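Scroll down for the structure; my scribbles are underneath it.
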Amino acid sequence: MAQITNVERPEAVAKEATAPSGSQLGHFAGIAIHKYAQVILLVVLVIGFSLATPRFATQQNWTSLLVSQAVVAMMTLAVLFPLIVGEFDLSVGYSLGFSAMLGAYLTGQNWPVPMILLAMLVFGVFIGVVNGVLNVYFKINSFIATLGMGIILSALTLALSNGAILTTVPGVLETLGRGYVGGIAWAVWAVLLIAVVCYYLLQHTPVGARLYAIGGSERVAFLAGVRTSWYKVLAFGLAGAIVAGAAMFQLGQAGSATPSMGPDLLLPAYAAAFLGVTTFRPGFYNVPGVIVAILLLAVGFNGLSLLGVPFWVQPMFNGLALLIAVLFARLASRRLGAAK
Amino acid sequence: MARGVTKAFGPTVAVAGITLGVRAGEVHAVAGANGSGKSTLIKILTGVHGQDEGDLLLDGEVQNWSSPADSRRAGVGVVHQEAPLVEKLTVAECVDLLGGYPSAKQFFLSNKAARVRTQKLLDEHEVPVDARELCSSLSPAERAMVSLAVAMDQGSRVLILDEVTAALPQDEADQVLALVRRLADRGCAVLMITHRLDEIERYADRTSVLTAGRLVYSGATGEISAEQIIEHMLPEEGAQEIVSSGEKTAGGQVLITVRDLAGQRLAPLSFEVRAGEILGFAGLPDAGIDDLAMLLCGGVPGTGTLTGRGRTANGPWTPSAARRAGLALVPRDRLTNGAVALMTITDNVALPDQRRYWHRTRARRATVRDVITELDVRPADPGLSVGNLSGGNQQKVILGKWLATRPDVLVLDDPTNGVDPAARLRMFAAVRARVDDGAAAILLSSEVEQLTTYCDRVLVLRPGRPAEELTAPDNPTHLARLMAQQ
């Protein structure tokens, strides 16, 4: 969907590119601006807000800014995997809510903490695998399959809590959710760890290359000997696992599980994933792009609210950022295509 | 029609000062290697691209088209290789849509009026298609013919055909070209881009050849032989060596054994492939030959057994099982089955063998470089998306991807479809080199000459009869006659 490239290049390219070095230099500059536009914009915003208000560039502000984005960042990394293989997972929001509720519920039942965490993780992976199986083996469109799964999960969340807020939270999670190491929150460290693992997996292993190939053309990957069914289920399973991790931090940060927790994280996660497509590896869902996108949205919101803009400006900013970035990327790739 | 037309993209001149005309009632064939500017020329003639220099003339008047709609209004119709019809509509609905709903009464569409009108149109042009059929059920040849009829319906006086027959087997191509000939005889001017030289000889009145954006030959069809056309199409640097299949020896050890391979339309078939041979398969579509390559390589499920590299797979087997038995498939449809358009040359070439390249970037780079050099992929940039290459170069990448996995038996399913003659020679030279090194290849082709030129052995499939084997075939006419025997 957000694979933005330019395939309509004329045959002319097929001949040797005899471009003089001068225009080639301009060409590379064009690519650099295109690929790193968001990084540049991020730096500009940071400098701008720092100059505009003294409250922006304080340690306290940055700490809370990063912590507030940790769970969304994990959710974005989770949806990245199904997106890469060309599928949607709409159940992640409800899945987070359910996992958090499950954790709180089991704490209330006096389960040992390791068992609770294991149960949350296993359930997360299980939900992901069921999504994958519904999609791959029962050939249900992932949009529909995961939507159905999400609605079922929201019902289970209500059943588990009986509609009430559960405040029984494992102590470890509260420590992790609110604690700091080296001046940086545990949650932020966790995001970094997950991001690095995902980056390595996607960019530097055969698994990642195959996932991207499936997203590019499932048929071609299949004919190349890739076990596409297995890898697609894997993508959904990984999403489920990361969502379970996000649920642990969400539970710890909030200190309670509410039945309505989760679904409101879905759209920000997808917005960040789509925004990330335009950066670093244009046309492909990629981890660094996603991280920059989340920072960009967070800094934009944070700076604007410090400047005292009305409360409705934030979603406006997020929506406009997404649309403008995608438009910009499309224009840039078209221009580059024509210049080659 | 075009006079001194030039078009450049950045520093690359795609079309340089071409002057070309088509008269009413004439079929004018344009041949040229991949990347010689044919597509660009078509885009200029149909108003997709504006020309940098030169004029377009229609009936002697200078035209100023800024969009395809302008050229269509002026009476220039174009039919592309993959004739775009809306799959889920009936032929009548589709023709109505493309014609701008001429059968509509005010705000209401009348299905019946559309059907009657479309059927009349089809009958008028002797297109054997029922207007009530779904577009998705049409054969490629029928689609092409319906598209031609639509172009006529839109009042085209000039028809431009962009490799319309490239994907069609010979008999269906003839059906389409017979229609084209009829349209020309009714006074239509036809400009036909094609790679098939035999089509030029049989259907065109005049022939022009493009090389590197320049018009290098133009004249009446009878005045130039097929060999001369090929010569014109080749780039000037260095003559190309013609690859012969050598002494056509019966090969060495058995590499794969296939027993009772059968699919939906293919009757049970058993054969062996030996090291050092290129085995060809010939047959008309009703012998089930279209599915053969996919069945062999696990792309569509079939029955039977496949033995190779000491493993036996029972049908239906998967592509990865076929690969373990030593098979590799260069499929017919480049972008649906062959390559991931959005990924780079490097990623495409490395796809089947990811594990081999894990943490071995240098090895991967060397493999990709070898592929690009051996097959002369242009532009030689490993970081370019395959979708941005011309068709012939895409096909080279796909062949190279599988050559790099060192298969025992390379299955080539119409590998040179839409590929220019020079590139064909290079691709077959690469295949022959592997075969001489102890591998083998299976070749399926819609061009009979290709089978007789390159194959050491050809199995002819006919419905309801056992396959007939031809050793060292050298007579295309004989082979074609065998195929047609029922």
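For A:Thr168 and A:Tyr36, the FRET efficiency from 1/(1 + (r/R0)^6), where r spans their Cβ atoms and R0 equals 35 Å, is about 0.15.
Give me log10 I(q)/I(0) at q = 0.17 Å⁻¹ for the stretch A:61-261, Debye formula, one equal scatterer per alpha-carbon, no solvent. These q points yield log10 I(q)/I(0) values of -1.09. For the stretch B:267-317, the alpha carbon convex hull comes to 84 Å³ per residue, rounded to a whole number. Averaging the sequence gap over all C-alpha pairs within less than 8 Å and six or more residues apart, then dividing by the number of residues, gives chain B a relative contact order of 15 percent.
Per DSSP H run of at least 4 residues, take -39500 (n - 2.57); add these up for chain B, divide by its residues and hand me the 222 nm value, nearest 500 deg cm²/dmol. Don't skip to the end; give the middle numbers.
Numbers: 17 runs with 165 residues, N = 486.
Here the helix-only value at 222 nm equals -10000 deg cm²/dmol.
Do the alpha carbons of any pairs in B:Lys88/B:Lys112; B:Lys88/B:Lys396; B:Lys38/B:Lys401; A:Lys139/B:Lys401 sit beyond 22 Å of each other, and which pairs? Result: B:Lys88/B:Lys396; B:Lys38/B:Lys401; A:Lys139/B:Lys401 exceed 22 Å.
Computed from Cα atoms, the angle from the helix B:111-124 axis to the main principal axis of chain B rounds to 80 degrees. Each of B:Glu272 and B:Lys112 was given a label point 7 Å from its Cα along the Cα-to-Cβ line. The distance between the two points is 6.7 nm. The mean sequence distance of close C-alpha pairs (under 8 Å, at least 6 residues apart), as a share of the length of the stretch A:61-261, puts its relative contact order at 44 percent. Extension gain for B:Ala220 to B:Thr303 (0.36 nm times residue separation, less C-alpha to C-alpha distance): 24.7 nm. Across A:Gly128, A:Gly108, A:Gly308, mean-square fluctuation computed from a Gaussian network of chain A (C-alpha pairs under 10 Å connected) peaks at A:Gly308. For chain A, set up a Gaussian network in which alpha carbons nearer than 10 Å are linked by springs, and say which option among A:Gly132, A:Gly303, A:Gly171 fluctuates the most. Residue with maximal mean-square fluctuation among A:Gly132, A:Gly303, A:Gly171: A:Gly171.
Only protein heavy atoms count here; under a 1.4 Å probe, B:Tyr203 has an accessible surface of about 40 Å². In this structure the stretch A:174-242 gives 41 Å² per residue of accessible area when probed at 1.4 Å with all protein chains present.
Over every Cα atom in chain A, the radius of gyration and the widest Cα-Cα span, Dmax, amount to 21.4, 73 Å.
Once the dipole of the protein assembly as shown is set up with Lys and Arg at +1 and Asp and Glu at -1 on Cβ about the Cα centre, which of A:Gln314, B:Leu134, B:Gly308 lies farthest towards its positive end? Most positive-ward Cα: A:Gln314.
About its Cα centre, the dipole of chain A is roughly 640 debye, where the only charges are +1 on Lys and Arg Cβ and -1 on Asp and Glu Cβ. With each label modelled as a point 7 angstrom along the Cα→C-beta vector, the A:Gln109-B:Arg360 pair spans 5.0 nm.
Taking a span of 18 Å or more along the helix axis (Cα atoms) and a mean Kyte-Doolittle hydropathy of at least -1.0 as the rule, the DSSP H helices of chain A that qualify are A:21-52, A:59-84, A:92-108, A:113-136, A:142-161, A:186-204, A:228-254, A:287-306, A:313-339. Across the protein assembly as shown, the volume of the C-alpha convex hull divided among the residues equals 207 Å³ per residue. Volume of the convex hull of chain B (Cα atoms only), normalised per residue: 165 Å³. Within the listed set A:Met248, A:Met115, A:Met149, the residue fluctuating most in the Gaussian network model of chain A (springs between alpha-carbon atoms under 10 angstrom) is A:Met115. Mean separation of Cα pairs under 8 Å and 6 or more residues apart, divided by the residue count, gives chain A a relative contact order of 33 percent. For chain B, a crude dipole built from +1 on the beta carbon of Lys and Arg and -1 on the beta carbon of Asp and Glu, taken about the Cα centre, is about 1580 debye to the nearest 20.
Only Cα sites of the stretch B:151-194 enter the Debye sum here, all with the same form factor; the resulting log10 I(q)/I(0) across q = 0.21 1/Å is -0.68, listed in q order. Of all the Cα-Cα pairs you can form in the stretch B:425-486, what percent are over 21 Å apart? Above the 21 Å cut-off, the stretch B:425-486 has 25 percent of its Cα pairs.
Global dimensions of the stretch A:183-340 from alpha-carbon coordinates: Rg and Dmax equal 18.2, 57 Å.
If you sort B:Glu133, B:Glu142 by accessible surface, 1.4 Å probe, largest first, the order is B:Glu133, B:Glu142. Mean residue ellipticity at 222 nm, helices only, chain A: -25000 deg cm²/dmol; runs of at least 4 DSSP H residues each add -39,500 (n - 2.57), and the sum is divided by the number of residues.
With the charge dipole of chain B set up from +1 on Lys and Arg Cβ and -1 on Asp and Glu Cβ about the Cα centre, the Cα lying farthest toward the positive end among the listed residues B:Leu292, B:Gln354, B:Gln63 is that of B:Gln354.
Projecting the Cα atoms of A:Thr146, A:Tyr231, A:Val71 onto the charge dipole of the stretch A:61-261 (Cβ charges, centred on the Cα centre) puts A:Tyr231 farthest toward the positive pole. Rounded to the nearest 20 debye, the dipole size of the stretch A:61-261 about its Cα centre is 320 debye, using +1 on the Cβ of Lys and Arg and -1 on the Cβ of Asp and Glu. Inter-label distance, B:Arg465 to B:Val62: 6.3 nm, where each label sits 7 Å from its Cα along the C-beta direction. Per the accessible-area calculation with a 1.4 Å probe, the total area buried between chain A and chain B rounds to 3500 Å².
Using the Cβ-Cβ distance between B:Gln228 and B:Thr477 with R0 set to 30 Å, the FRET efficiency works out to roughly 0.85.
The values are calculated or read from the model by the stated rules, or taken from the named source; none is laboratory data. Predicted model only: the values in this text are computed from it and were never measured. We place every Cβ from the backbone using ideal geometry, glycine too, and count neighbours over all the protein chains shown. Side chains are part of the model used for accessible areas, which takes the heavy atoms of the whole protein and leaves out ligands, DNA and RNA. Shrake-Rupley method; radii C 1.70, N 1.55, O 1.52, S 1.80 Å.
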